[in-house]
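> This is the structure I have questions about; it appears just below.
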Amino acid sequence: MITISVITVTWQAADVLQPTLDSVRGQTYSLVEHLIIDGASTDGTLKMAEDYQRDVQNSGSGHRVVISSEPDKGLYDAMNKGLSRATGDYVIFLNAGDRLADATTLEKVAQTAMAADDGMMPAVIYGFTDLIDSEGKCIGPRRLQPPAKLTWRSFRKGMLVCHQAFYARTDIARTIPYDTRFRYSADVDWCIRVMKEAERQSLPLTRIDSVVALFLEGGQTTKHHRDSLKERFRVMRSHYGLLTTTAMHAWFVCRSLFAKMKSAK
């Protein structure tokens with residue numbers, strides 16, 4: 001049987017955390033470890049997490065909730081703490097405000113993993129993502145869509161798989177910490193490096209043909225869009241080279257301008 005570690009990093013997240021907790025608690029799959037890595041919040045986040053932990057323990061669902069609250073050096077430092085403490089077979093990062101798509105999401109992931117041939121359990125299981133607003137209403141599908149055949153080279157065209165829809169084998173993920181030199185785009189770099197390791201080990205990347213994540217618009221990347229783009233260029237250049245990265249970013253700009261012109265009509 002496959003155990004899935006869900007890692008939720010929080011800091012002053014009391015206004016958005018509860019729906020995230022509810023989406024994990026409502027999963028039909030029982031072998032779930034939920035790690036809440038808090039950065040010493042003072043706004044009620046910790047109490048909310050502790051109430052959730054108590055409710056889950058009393059529910060008999062089989063889920064395990066582990067809470068840590070201490071100062072950290074930023075988002076990706078906290079994610080690295082989560083990676084080092086995860087004990088499941090697969091790990092997924094579900095930020096405060098984001099949600100699993102429905103009650104059977106983790107069951108689908110586990111079934112996909114267990115259906116693999118012996119010794120060939122996918123290095124990554126990934127799926128589709130829908131965007132939601134602050135009230136949890138669906139805005140529509142994420143613009144970038146995950147391809148049926150994914151490799152580390154696929155991200156030359158952008159982050160085709162949302163971070164919250166990217167389930168990595170923990171034995172691989174734990175050896176590839178997030179690069180804390182980045183503030184906004186270490187998740188892109190991390191996903192690429194995980195997929196490179198999958199190729200090195202000749203392990204498959206397997207798509208689930210359904211929505212597995214609901215992504216809350218308006219996160220740090222959105223709020224710091226320009227800085228995020230600069231960082232992403234550095235990440236892509238390190239993996240794909242300057243010429244390819246420059247050409248792809250020129251195409252991104254043209255695509256964005258065309259979309260704006262089209263919406264203005």
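> Starting with the highest mean, order 7-19, 144-156 by the number of other Cβ atoms within 10 Å, averaged over the residues of each peptide.
Ranked by mean Cβ neighbours within 10 Å, highest first: 7-19, 144-156.
> If you don't mind, there's one more thing I want to ask. Most mobile of Tyr240, Tyr167, Tyr76 per a Gaussian network model of the chain (Cα springs, under 10 Å)?
Of Tyr240, Tyr167, Tyr76, the most mobile in the Gaussian network model is Tyr240.
> What number, in percent, do you get for the relative contact order of the chain if the mean sequence gap of Cα pairs under 8 Å and at least 6 apart is divided by its residue count?
With pairs under 8 Å counted, the relative contact order is 21 percent.
> Restricting to DSSP H runs of at least four residues, report the calculated mean residue ellipticity at 222 nm for the chain, -39500 (n - 2.57) per run over all residues, nearest 500 deg cm²/dmol.
-12500 deg cm²/dmol
> Cβ neighbours within 10 Å, averaged per peptide: list 58-64, 135-141, 182-188, 39-45 in order, most packed at the top.
Peptide ranking by packing, descending: 182-188, 39-45, 58-64, 135-141.
> Highest mean first, what order results for 195-202, 95-102 on Cβ atoms within 10 Å?
Listed from highest to lowest mean packing, they are 95-102, 195-202.
> So what's the angle, to the nearest 10 degrees on a 0 to 90 scale, between helix 45-59 and the longest Cα principal axis of the chain?
Roughly 60 degrees, rounded to the nearest 10.
> Probe radius 1.4 Å, ligands and nucleic acids ignored: give me the carbon and sulfur share of the accessible area of the chain as a rounded percent.
Answer for the chain: carbon and sulfur cover 54 percent of the accessible area.
> Positive end of the dipole of segment 1-159, charges at C-beta (+1 Lys, Arg; -1 Asp, Glu), about the Cα centre: which of Gly62, Ala113, Thr87 has its Cα farthest in that direction?
It is Ala113.
> I've got another one for you. Starting from the Cα of Leu160, step 7 Å along the direction of its Cβ; do the same at Asp43; then give the gap between the two resulting points in nm.
Roughly 3.6 nm, to one decimal.
> If you take the beta carbon distance between Arg153 and Gln12 as r and set R0 to 41 Å, what does 1/(1 + (r/R0)^6) give as a FRET efficiency, to the nearest 0.05?
It comes out at approximately 0.60.
> If you don't mind, another one. Please give the charge dipole size of the chain, origin at the Cα centre, charges +1 on K and R Cβ atoms and -1 on D and E Cβ atoms. Round to the nearest 20 debye.
Value, rounded to 20: 1500 debye.
> With +1 on the Cβ of every Lys and Arg and -1 on the Cβ of every Asp and Glu, and nothing else charged, how large is the dipole of segment 46-90 about its Cα centre, in debye rounded to the nearest 20?
That gives segment 46-90 a dipole magnitude of about 60 debye.
> Express the relative contact order of segment 163-248 as a whole percentage, based on alpha carbon pairs under 8 Å and six or more residues apart in sequence.
32 percent
> Among the lysines in the chain, how many pairs, 8 or more places apart or on different chains, have alpha carbons under 18 Å apart?
5
> Among Trp190, Val24, Thr8, flag the residue with its Cα farthest along the positive direction of the charge dipole of the chain, charges on Cβ as +1 for Lys/Arg and -1 for Asp/Glu.
Positive-end residue among those listed: Trp190.
> Shifting gears a bit: Could you state the number of Å between the C-alpha centres of segment 69-99 and segment 10-64?
Spelled out, the Cα-based centre of one part sits 13 Å from the other.
The values are calculated or read from the model by the stated rules, or taken from the named source; none is laboratory data. Owing to the predicted nature of the structure, the values given are computational and were not obtained by experimental measurement. Note: ideal-geometry Cβ built from the backbone for every residue, glycine included; neighbour counts use all protein chains shown. The area values use the complete protein model at the heavy-atom level, side chains included, leaving out ligands, DNA and RNA. Shrake-Rupley method; radii C 1.70, N 1.55, O 1.52, S 1.80 Å.
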